[in-house]
Amino acid sequence: MWGFVPGESPATSTAPHRFRAVGPSQWQNARKLSGVDTTTADPLVGRLLDGRYRIESRIARGGMATVYLALDIRLDRTVALKVMHRSLAEDPAFVRRFIGEAKSVASLSHPNVVHVFDQGTDNDVVYLSMEYVPGKTLRDILRERGRLPAREALEILIPVLAALGAAHQAGMVHRDVKPENVLMTDDGRVKVVDFGLARAIEATNQTRTGVMIGTIGYMAPEQVMTGAADVRSDVYAAGIMLFELVTGQQPYDGETPMSVAYRHVHDTVPAPSSVTPEVPPLVDTLVASATAREPHNRPADATAMLVAAVDTHRMLPRTTTPPGSGPMMNQSQPYARTTVSPAPSMPQAAPAHTLIQPRAEAAPQRRGFKPNWFLVTLAAVMVVAVGLTGWYFSQPEYVTVPNLVGSDMAIAEQSLTGAGLQMRKAEGVYDEKMAEGLVLRSDPAWKTELEKGGVVTLVPSLGPKRVAVPNVAGMDGNAARAAIAEAGLTVGSVKRIANQDVERDKVIRTSPQVGEKVKEGAKVGIFVSAGLVMPDVTGMPKDEAAGYLGGQGFQVQVNEVDDDAEPCTVIAQTPKAKAETDKGAPAVITVARCQTDFWEWFQGDNEGRDDQQFSLVPPVIGKDIKDATTELRARGFQVRVQRLSNGGVVQYQRPLPNSERPAGSTVFLWQ
């Protein structure tokens, strides 16, 4: 269906006008789809639409849509993909109507209808997935051969009427019957395409002002006058198409679409024999009946016209006068064209798909036609019976896809084979909940009805994905983070701990440990060396403090000063407690002067009393810190614990073991 606006290309016009149709004259040979176009500059070529249809090449382009050759990667079949032009795809009303009409057409199953598989949208692309029919359009055949013999024309029209009749019985109207929408396959089958798309166009913003939808050369009078169309409008268009098949031209010509539309409304379609004298009177009668100006004077629907066409075909002789062999028509005859399209001089063989076989004897030529109603009724019954039988046996057998999720792949394949389906194994996918080797999902999914022999794609589970913790020991923090991220993991907590063996700021170990397999994305904690950490030796006896620090790798320097603290105990230190430093670093401890006697210090700061009781401080070095604390408290001492390491065992104590101290004195323990 072309949209035409004077002064614009039919394929690019989008502005609303009174007439959006193609008329005869210079437009009469305009095709809805141009010839095969393999332009690689098309942005859609090579694109994967909706994750399913890979566009291989562009077949043709028309005023409403562009048709591409595509591969359905799910079902591995070639399809024709009709992509609506952007001006239509951006109209919400069109998209809603388009989806509804596509669903209706998809439910229409007939051997002479191009089957619609799917419809969808992908961002700004609105598309229709259809059966790919290699071959030509009826328009191509008319251009190549010119007019056709009456029998051959009827043998093409009859399957077209059968397709339209099936649509009419389903409550659908084509609205745009013309040779461009009739496909002829290479093996002689006839297919009708584009059901319902004209109706979808009616919903767009471009046709809200009384615009006619259709092709002007085939438009019924009521479509021109009111824009309304019913099944009898399709009958009218089929009659015009039959006229064109047997004469090689449309009945009306004009300089503008308006003039052609005017003649459809006010003139009576001439008899084909007035243009081509070789056309039999029976065909004249059939054309006159189908193209009556009043809809109620036409056949009730395409099925009724099919009965008449079959009867006409049966009554024609097996061999009719080839087109072009008769005398040239009078140039002054009404409705005559200036020229007649050339045609072969020999009779053309009927296509291989002929649906109706004629009787062996030839029917006599009659100038007038008076229908035999008994024969008409009998023919109608026969056609309906043959049609129903053909329809029944042409219906594909459908089976329901079983529930295979969670099944073993081998068992799933057996289930599909038993149901008459084929299995394709897809690449495995990791899943946290599904064990390895089981079916994770199927395409199509469970309960989907699929044609018997169809392919079901099964995606096996690879089980939960686990990642080994990488070895980052000895790396600095940034390098360790990068290695952990590269393995598909994340860095969790970072802790710095004292360690004399690992260089400061280098990774000591990880948690979980190296090589342990964890869930992808899991957190990995890292422990970084803080080198030497200055311990807290405040309050410790001088000798014990110096010995401990020396053992930790410090260069110890002791300074004695006068102070009120207990003699010979540490009162200050440099570096401060918990400061990070390197092995061999100097450590300065400041102690209260050791020359002062403890008892002098004790009596000087604590006024001694004669009744004060003293107790011996028991030795607790080497004991568990808890046991030592319990024992000291049992002796009446208070206990203060300071941490040097995580050993849990007493390393030093003050006062020294077996020293006498007043009850209630504080005993310092270093673990």
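The values are calculated or read from the model by the stated rules, or taken from the named source; none is laboratory data. Source: prediction; values computed, not measured. Cβ coordinates were reconstructed from backbone atoms using ideal geometry, including for glycine residues, and neighbour counts include every protein chain displayed.
Structure notes:
- Scan the stretch 221-262 for residues that are in contact with a Leu (Cβ under 8 Å, 6 or more places away or on another chain) and within 23 Å of E144 (Cβ to Cβ) and the total you get is 7.
- Restricting the stretch 612-671 to residues that are among the basic types (K, R), within 28 Å of N499 (Cα to Cα) and in a loop (DSSP other than H, G, I, E, B), the residue that is modelled with the lowest pLDDT: R643
- Yes/no for A237 being in contact with a Lys or Arg (Cβ under 8 Å, 6 or more places away or on another chain) and at pLDDT 95 or above: yes
- Test: V265 is within 53 Å of the chain's Cα centre (by Cα), of a type in the set (A, V, I, L, M, F, W, C) and assigned to a loop (DSSP other than H, G, I, E, B): no
- Take the conditions (1) in contact with a helix residue (DSSP H, G or I) (Cβ under 9 Å, 6 or more places away or on another chain); (2) hydroxyl-bearing (S, T, Y); (3) surrounded by fewer than 12 Cβ atoms within 10 Å (Cβ to Cβ); T417 misses just one of them, which is (1).
- Among the strands (runs of 3 or more DSSP E) confined to the stretch 52-153, the ones with at least 1 residues that are hydrophobic (A, V, I, L, M, F, W, C) and out of contact with any Leu (no Cβ under 9 Å at 6 or more places or on another chain) are located at 65-72.
- Taking the criterion of being under 60 Å from the mean Cα position of the chain (by Cα) and not in a loop (DSSP other than H, G, I, E, B), the residues of the stretch 559-598 that qualify are E580, T581.
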